[in-house]
Structure formats: C-alpha cells, structure tokens
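Since every read-out is calculated from the coordinates, none of them should be taken as a lab result. No experiment lies behind these values; they were computed from the predicted model shown. Glycine also receives a Cβ, built like all others from the backbone with ideal geometry; neighbour counts cover every protein chain displayed.
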Amino acid sequence: MAGLYVHIPFCHRKCPYCDFFSIASTDLLLETYPSLLIKHLNWASSHKQSGPFETIYFGGGTPSLLPPESIADILQVVQQAFGITHNAEITFEANPGTVSEQSLAGYRQAGINRLSLGLQTCNDKHLATLGRLHNQKEGLDAFSRARDVGFDNISLDLMFALPAQTTAEFEEDLHSFLELSPEHLSCYGLTAEPETPFHRKVKSGEMTLPDEDFYADTFMLVHKRLSEVGYEHYEIANYALKGRACRHNLGYWQRQSFLGIGPGAHSFCARHWGSRSAVPPDLAAYQHALVNAKEPTQHLEVFDQESALRETIYLALRTRNGISDSELQQRFGCTLQEAFPKAVEASAPWLIYNNGRWTLTPAGWLIFDRLILPFL
Ligand SMILES: C[S@@+](CC[C@H](N)C(=O)[O-])C[C@H]1O[C@@H](n2cnc3c(N)ncnc32)[C@H](O)[C@@H]1O
Ligand code: SF4
C-alpha cells in the first residue's frame, strides 16, 4: 500500500456550497471517533492490508476539529500496524477557523509535516457569502501561526468564480495569497453541487454564479500568474513550487494503491487491473460494523484491461505529466492513437504529443469534462 487516507467526517457547521461527506460535530462524536479509526486500522492490518505508507492524508470534513493527541494516537497505531516510511508525506486539512497556535504546534509534534489550509479567499464579503468560520484576519493569522510552529510545507485552498466576484477582487485575492508564499495552491472554481443550499439558491434565481466566460478567464489568469512566479500547474486544480507537488494526490492520479479509512473514504488496490472499494458515508453503520468486527468497506468495482486503460487515461490526462505511449504499450499493449483514434482526433488542438508523451494544454483542462468523454 502506497498511501493512507483518513476521513474525518465532521464540521463545525456545513458550508452552503460543500457536498463532501461531513456532519455537524459534537464533543461526544469527536471523542469516540478516533477509537473507531483505530479499530478500522487494526481490522485492515489483520485482513492482509500491508504498509508501510509513503503518504498519509487526513481529509474531511474538518480534521482540525480533532485534538492533536488523537492524531498522535492514530499515527502511532498506523506506525505499529503498517509502518510509515521515514520520509513519508503526512498531510492534514485544517479549517483556519478551528486552529490555534497551540493546536498547530500539537499537530506538528504529532508528526504532521504538510498542512492544507482552507483559506478560500481573503475578502471578508466573500468569506461571509461562503459561510466560512473565519474572516480575513483570522485566515492570515492561521497561516502565520502555522509557519511560526514550523510548518514548511503549506498548501492553500483558493476558490474563484464566487457569487458577484469581480476580476479586480480576484486579483487582490491572488496577490494576498502569493504574499504568503505557500509551497502549494489548490485553486477551485466554485460549483453549485446538487443538494447543497447554493444549488437550491442558484436554481431559484436567488443567487447567480459568474458566467462561463468569467470562470474561463479566471482559470487562465490563475494559470498565467502562478506560472510567472514559479508555480508548476501540475494538475487541473493544483500548483506547486519545485518538489512540492502533493505526493499523496499524485499517487491517486497514477493509480497507486491506497487504503481509505473512515465513512466516505475510498480505497484502491492496484493488483491485477485494479479494484476499488469504499466505506459507505454512514457513521452509524461504520460504528456498527467495527464494533462487531465486520468488514466496514463495500466493493465497488473490479477493473478489466479495458476499464483500467480508460481510467489510466482519465487520471493521467488531468496531470502535467500526462501519459507516454511507452507506458501504455508496456501496460496495455497499445498506443493512445491505436486505442482511441477518434477521441485523439476530436481532442486536437488541446491534446499535445511531445517526445512520446500525451498531455492536455491548460485550455484543454478548462474543458476537461467534455474532452475526456470520448475516452471513457
Ligand atoms: C475538505 S475541504 C478543506 C478542509 C476544511 N474542511 C475547510 O473547508 O477548510 C476541501 C476544499 O474543497 C473546496 N470545495 C469544497 N466544495 C467546493 C465547491 N462546491 N466548489 C469549489 N470548491 C469546493 C474548498 O476549497 C475546500 O477547502
Ligand atoms: S468546505 Fe470544509 S468546513 Fe466547509 S463543509 Fe466542506 S468540509 Fe466542512
């Protein structure tokens, strides 16, 4: 197993745009949840899942609602049951509205060496629209505290195409984010996810999201500005300084094995053509399964050669590295052109072939969902 994903399905309150699996936290849930994760880890190690892990990712929900002591306990069990490589990347998602200097120092001491901070925007008006817990000052303070306690690998989430956002406001945001010199940025255009309050408001006309042109222009603006100052646009939504790409997420896009624990978490086993499983997003069912020593995961999909080829292309074309014909030949016995002649033709001029390798241009990434369809 290359990676471990730990899902923390709690948030202080739900942001109105977000459809990640999380529920409102209570003290009792936060106290008891780590012991469930530990049961799951022990269950997985006794069912032939093996380590050591090269990357660990605490995602959510809001991992920073758990106290550092719980994170230290979980990592200790991971170390005992699976092993953690000496240079492992251990990422932790934190909501700026839930951290203090003391808690950040505790996470660092527990072994977290990469922090992903949900800053989103530095504009108080937009932070309020997004229903965030923090204002601009608290967001910037959280970043400074993280640096103060020794985090030297920080990623910031930056959202764009917010309701009524102007280009000038977004440019100010970019400026404020870059002043912090984070090692990594994840830049997401706001989408109105089905079943969220934002989706209902957009449907009813109560809220308007910026149009496609604003979205496209802002996506390309981010690409241009961040590239100019040394960030590599290494995946549709992700930018990193040299050597700071998220190793855990690269593992997903390269179809490496990972184990996911916690309700809502997915796992992938790369053996044969690959298989996926998931823990259903249901905390009560998760607890019931683990307390009764039953399997908490459900098997989702076993890949054959053709579905593995399609997924390999889908994931690889999201990344700057793309996919080489020699890798495809070696794994699947064909080149991209041989496997998908019509899709390759339809993807011009966004699909580029250079030195034996296929990649999409940033403008191609902008319309990824449309371009990738003929490959699926
Ligand atoms: C699990 S959260 C990050 C950690 C923490 N829960 C927080 O919000 O600070 C993952 C990120 O996905 C992005 N996100 C969530 N819903 C989104 C949406 N509907 N549109 C665009 N980005 C979204 C936000 O940038 C968010 O920080
Ligand atoms: S964006 Fe983060 S804090 Fe907000 S609901 Fe989603 S996971 Fe929770």
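Using a Förster radius of 51 Å, what is the FRET efficiency between THR361 and GLU69 based on their Cβ-Cβ separation? Nearest 0.05, please.
0.60
With a cut-off of 8 Å between alpha carbons and a minimum separation of six or more residues, what is the relative contact order of segment 305-376 in percent?
Result for segment 305-376 is 37 percent.
May I ask you to derive the FRET efficiency for ALA284 and GLU101 from their Cβ-Cβ distance with R0 = 41 Å, giving the value to the nearest 0.05?
That pair, ALA284 with GLU101, gives E of 0.70.
Report D for segment 305-376 in µm² per second (integer): Stokes-Einstein, Kirkwood Rh on Cα pairs, 20 °C, 1.002 mPa s.
180 µm²/s
Summing -39500 (n - 2.57) over the DSSP H runs of n ≥ 4 in the chain and dividing by its residue number, what mean residue ellipticity at 222 nm do you reach, to the nearest 500 deg cm²/dmol? Working shown, then result.
Values: 16 runs with 158 residues, N = 376.
The per-residue figure over the chain is -12500 deg cm²/dmol.
At a Cα cut-off below 16 Å, give the aspartates and glutamates reachable from LYS294, other chains included and same-chain residues fewer than 8 away excluded.
Output for LYS294: ASP282.
Please list 3J(HN,Hα) in residue order for segment 196-201, calculated via the Karplus relation 6.51 cos²θ - 1.76 cosθ + 1.60 where θ = phi - 60°; whole Hz, with x for glycine and proline.
9, x, 4, 4, 4, 5
Which whole number in µm²/s is D for the chain by Stokes-Einstein, with the Kirkwood Rh taken over Cα pairs at 10 °C and 1.306 mPa s?
Value of D from the Cα-based Kirkwood radius: 73 µm²/s.
So for the chain: antiparallel DSSP bridges make up what percent, rounded to the nearest 5?
40 percent
My understanding is that a pair violates if its Cα-Cα distance is over 22 Å; which of LYS125/LYS242; LYS14/LYS201; LYS14/LYS39; LYS14/LYS224 do that in this structure?
LYS125/LYS242; LYS14/LYS39; LYS14/LYS224
Describe numerically, in nm with one decimal, the distance between label points set 7 Å from Cα along Cα→Cβ at ILE23 and at LEU300.
2.1 nm
How compact is segment 134-202 by the rule of thumb for globular proteins, expressed as Cα Rg over 2.2 N^0.38 Å? Kindly include the intermediate steps, with their values, before the conclusion.
On the way: Rg = 14.3 Å, N = 69, 2.2 N^0.38 = 11.0 Å.
Scaled against compact globular proteins, the figure is 1.30.
What's the FRET efficiency of ALA216 with GLN330 using the Cβ-Cβ distance as r and R₀ = 30 Å, to the nearest 0.05?
Calculated transfer efficiency: 0.25.
Would you mind computing, in nm to one decimal, how far apart the modelled labels at ARG271 and LYS14 are, each placed 7 Å from Cα along Cα→Cβ?
That separation, rounded to one decimal, is 3.8 nm.
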